[in-house]
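The values are calculated or read from the model by the stated rules, or taken from the named source; none is laboratory data. What you see is a predicted model, and the numbers here were worked out from it, not measured in a lab. When we count neighbours, we look across all protein chains shown, and the Cβ atoms used for this are built from the backbone with ideal geometry, even at glycine. With ligands, DNA and RNA removed, areas are computed over all heavy atoms of the protein, side chains included. Shrake-Rupley method; radii C 1.70, N 1.55, O 1.52, S 1.80 Å.
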Amino acid sequence: MAAAISWEDARDQLKKWREESARRSAETLELGEFVLTNHRGLGDEVWAVHEQVCIAALDVGDIAEASSAIDALKAQFPQSKRVKRLQGMKLEAQGRFDDAKLVYEELLKEDSSNAMIRKRLVAIFKAQDRIPDAIKELMKYLESFMADHEAWLELSELYIQEQHYSKAAFCLEELIMSNPHNHLFHQKYAEIRYTQGGTESMEIARKYFAQAVKLNSNNIRALYGLFLAATHLASSQKGTAKSKKDNIRYAAWASQQLQHRYRLAERKESEPQVQHLEKMIDSLQITAS
Amino acid sequence: MATFSGFILAVGFLGLAHAGYSAAQHRTYLRLTEQEFTRLPIDIVCQGLVSLLITIYGVLNIAGQFRGIKAMADMEKKSFDTVGNRPSFFMFRHRGQAMFGLNPTGNKNVETLEPAT
Amino acid sequence: MASETTLSNRAYCKLIMHAAKYPHAALNGVLLAEKRKLKENKILRFVDCVPLCHLSLGLAPVLEVALFQIDSYCQANGLIIAGYYHANEHLKDLNPSPIALKIADKIYDNCNEACFFMIDNTKMFVDCDQCVLKHYTVQDNKWKPKSSNTPLLSDDCLSIAADLLREKTYQDLVDFDTHLDDISNDWLNPEINTHLNSCT
């Protein structure tokens, strides 16, 4: 793969993955090794690439590569807490959780407000498969760092794993409050509410799916969600005749949008997927009427 | 392209500077000849406006990619595949360690990987 | 319960590729069996696999949409959703999570011979020297591990899977989550199917 791509393209691809926090560790490692052959061309970016390669190496269990990246960073930044964190992460990847915890507790003694280190303590619990402890630690962290979006997202994922949907929904509510224009958070919140079940949750789900579609009309999951939620509400025993009619109308609109998009995306060689979509819509609409 | 835009930008700035200097010179001249200042001569105004347009053109080309004006226009292309990643919480004890042939102790001998419970 | 359970090369290879593409995530998918063989001879022969999710497994909407559409595909092609596979995020965790059991129950409601497989992460090597699946069937109304005396896979299956992992063909695999991110991606993976046909 490295032979087929130029050094500049490789460097740009790594930068893109770094910025969007993509997790493609095997490819990152390959491209990183290629890009690091030309140190001078990178300039100051070389240290960020070393860190990226280190984390990718830990993700694939290549401890040797991670160690050499950490050594390079340590030589440049001998007192850096960020490098010490990488050393802790290396211990975690090797399964030496107690040693990793010691490293982190040392760093926290120097600076108890170091958010990155506190988050690694949560990651240690996750790595030990102690999800309830991870949740407790994360909640303690969020009491001090309420604006940390990543932490709220992590907490919501942990709650979903434990099937505590109302608590997961609360986390997404915090995210929506601080990012009201992000269609993905509205969609995720709606999915959690939909999974919770019950008429009230389903109505909230439908509203948030609709909001996600309003923010990004190409959000396919939100369109599907809107269709499913409206269909469920239309076919439920509770609800007035007017609300049933409205829900049928919303479902019909969502299904039209989906069919339109599937037709646009259709490729001649592959089996038309729109027919599976149409069958799904037909079967659900029978239950709604 | 970048150097051409830089050249255009430089020309624009020089034009603006020259127009400003000319305007100042004009007012000094009027003060010396004890005439009233009503407005700037039309050529200085034109030079100023044309230089402004040239400068704007140069800046637009140098500034780089524009982002959509809607609040989250760039979110439309994103999915939870990337947005949902939480790098600070990455944990490494997953099948990637088995898959890529090296077990967590760095030993290439994969038989030492203990079975799952 | 079916008398015999086997997976075709296509089914097993796509399953392995799904697990390889997202090594850091929990993931799941369904296995499609030949309906006629199942009804007539009680033989559960999985001929294809549709990878489902790697993002949020615990949420219902994507799962419902996927199952509806896969079911419609099955009805048109003489197949039935009779199997489910699930891989946990954690390396050593082989226990079926409550979510996995719930989805397996849903599939069992649709087909009484259904079974499910947990992927043993510690066996996921690129060399594919052993089958990674732990087989579960309904015994006394509960999901229990089944040790089968007949092999689940054909003789050449593991070597084909190993070749595919080495060639990194899994990077092009599309699961339902990828499909929803860009609907021009086909969750049936026709290109991979063609490639697999040429391998066997």
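Which of the following residues is within 14 Å of chain B (Cβ to nearest Cβ), closer than 16 Å to C:T178 by Cα and open to solvent by 10 Å² or more (accessible area, probe 1.4 Å): C:L63, C:L27, C:L55, C:L15? Can you show your working first?
Numbers: C:L63 fails: within 14 Å of chain B (Cβ to nearest Cβ); C:L27 fails: open to solvent by 10 Å² or more (accessible area, probe 1.4 Å); C:L15 fails: open to solvent by 10 Å² or more (accessible area, probe 1.4 Å).
Residue meeting the stated conditions: C:L55.
Can you work out which of the residues in the range C:108-144 that are surrounded by 13 or more Cβ atoms within 10 Å (Cβ to Cβ) and acidic (D, E) is nearest to the other protein chains (Cβ to nearest Cβ)?
C:D120
Would you pick out the residues in the range C:145-174 that are touching a helix residue (DSSP H, G or I) at 6+ places or on another chain (Cβ under 7 Å), without any contact (Cβ under 8 Å) to a residue 60 or more places away in the chain and part of a loop (DSSP other than H, G, I, E, B)?
The answer is none; no residue qualifies.
Say we look at the range C:1-12 and pick out the residues that are among the polar types (S, T, N, Q) and in a strand (DSSP E or B); which of these is surrounded by the most Cβ atoms within 10 Å (Cβ to Cβ)?
Checked the range C:1-12; the qualifying residue surrounded by the most Cβ atoms within 10 Å (Cβ to Cβ) is C:T5.
Just to verify a result, which residue in the range A:79-124, among those that are under 16 Å from A:A151 (Cα atoms) and within 9 Å of another protein chain (Cβ to nearest Cβ), is surrounded by the fewest Cβ atoms within 10 Å (Cβ to Cβ)?
Residue satisfying both the conditions and the ranking: A:M116.
Hey, among A:I124, A:I117, A:I131, which residue is within 19 Å of A:C171 (Cα to Cα) and aliphatic (A, V, I, L, M)?
Result of the check over A:I124, A:I117, A:I131: A:I131.
Return yes when A:K16 is under 21 Å from the mean Cα position of the chain (by Cα) and of a type in the set (K, R) and no when it is not.
Values: under 21 Å from the mean Cα position of the chain (by Cα): yes; of a type in the set (K, R): yes.
Answer is yes for this residue.
What is the number of the single condition among (1) in contact with a Lys or Arg (Cβ under 8 Å, 6 or more places away or on another chain); (2) within 14 Å of chain B (Cβ to nearest Cβ) that C:T178 does not meet?
(1)
Looking for whichever is modelled with pLDDT of 90 or more and more than 17 Å from the chain's Cα centre (by Cα) here; the options are C:A33, C:A100, C:A60. Which one fits?
Values: C:A33 fails: more than 17 Å from the chain's Cα centre (by Cα); C:A100 fails: more than 17 Å from the chain's Cα centre (by Cα).
Only one candidate passes the filter, namely C:A60.
Is one or more of the residues making up the range A:127-134 of a type in the set (K, R), open to solvent by 20 Å² or more (accessible area, probe 1.4 Å) and outside any loop (DSSP other than H, G, I, E, B)? Step through it out loud before you land on a result.
Within the range A:127-134, the first condition is being of a type in the set (K, R), and the residues that meet it are A:130.
Add one more test, that the residue is open to solvent by 20 Å² or more (accessible area, probe 1.4 Å), and what stays is A:130.
From what's left, outside any loop (DSSP other than H, G, I, E, B): none.
Scanning the range A:127-134 turns up no residue that is of a type in the set (K, R), open to solvent by 20 Å² or more (accessible area, probe 1.4 Å) and outside any loop (DSSP other than H, G, I, E, B).
I'd like to know if the range C:115-125 contains one or more residues that are farther than 19 Å from A:I160 by Cβ, modelled with pLDDT under 90 and part of a loop (DSSP other than H, G, I, E, B).
Among the residues of the range C:115-125, at least one is farther than 19 Å from A:I160 by Cβ, modelled with pLDDT under 90 and part of a loop (DSSP other than H, G, I, E, B), which makes the answer yes.
Only one residue in A:A57, A:A22 is under 21 Å from A:A127 (Cα atoms) and not in a helix (DSSP H, G or I), so which one is that? Even if it seems obvious, please write down each step before you answer.
Details: A:A57 fails: not in a helix (DSSP H, G or I).
Just one listed residue meets the conditions, A:A22.
Please go through the range A:62-96 and pick out each residue that is touching a Ser or Thr at 6+ places or on another chain (Cβ under 8 Å) and either hydrophobic (A, V, I, L, M, F, W, C) or touching a residue at least 40 places away in the same chain (Cβ under 8 Å) (or both).
Those that are touching a Ser or Thr at 6+ places or on another chain (Cβ under 8 Å) and either hydrophobic (A, V, I, L, M, F, W, C) or touching a residue at least 40 places away in the same chain (Cβ under 8 Å) (or both): A:I63, A:L73.
So C:S72 ticks every box in (1) part of a strand (DSSP E or B); (2) within 11 Å of another protein chain (Cβ to nearest Cβ); (3) surrounded by fewer than 23 Cβ atoms within 10 Å (Cβ to Cβ) but one. Which box is left unticked?
For C:S72, the failing item is (1).
To keep it simple, each residue is scored yes or no on (1) surrounded by fewer than 18 Cβ atoms within 10 Å (Cβ to Cβ); (2) over 27 Å from A:E157 (Cβ atoms); (3) modelled with pLDDT of 90 or more; (4) aliphatic (A, V, I, L, M).
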residue	(1), (2), (3), (4)
A:Q187	no, no, yes, no
A:L223	no, no, yes, yes
A:I248	no, yes, yes, yes
A:A252	yes, yes, yes, yes
A:S255	no, yes, yes, no
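Please find, among C:I103, C:I99, the residue that is at the interface with chain A (Cβ under 9 Å from one of its Cβ atoms), touching a residue at least 12 places away in the same chain (Cβ under 8 Å) and assigned to a helix (DSSP H, G or I). Full working, then the answer.
On the way: C:I103 fails: at the interface with chain A (Cβ under 9 Å from one of its Cβ atoms).
Every option except C:I99 fails the conditions.
Yes or no: the range C:137-144 includes at least one residue that is touching a residue at least 60 places away in the same chain (Cβ under 8 Å) and over 25 Å from B:R95 (Cα atoms). Don't jump to the end; show me each part of the working.
Our first condition is that a residue be touching a residue at least 60 places away in the same chain (Cβ under 8 Å); within the range C:137-144, this holds for C:137-139.
Among the residues that remain, those that are also over 25 Å from B:R95 (Cα atoms) are: C:138-139.
The answer is yes, given that some residue of the range C:137-144 is touching a residue at least 60 places away in the same chain (Cβ under 8 Å) and over 25 Å from B:R95 (Cα atoms).
Every residue, every condition in (1) more than 14 Å from chain C (Cβ to nearest Cβ); (2) open to solvent by less than 30 Å² (accessible area, probe 1.4 Å); (3) at pLDDT below 80, yes or no:
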site	(1), (2), (3)
B:L32	yes, no, no
B:P41	yes, no, no
B:I56	yes, no, no
B:L60	yes, no, no
B:A71	yes, no, yes
B:E76	no, no, yes
B:S79	no, yes, no
B:P87	no, no, no
B:M91	no, yes, no
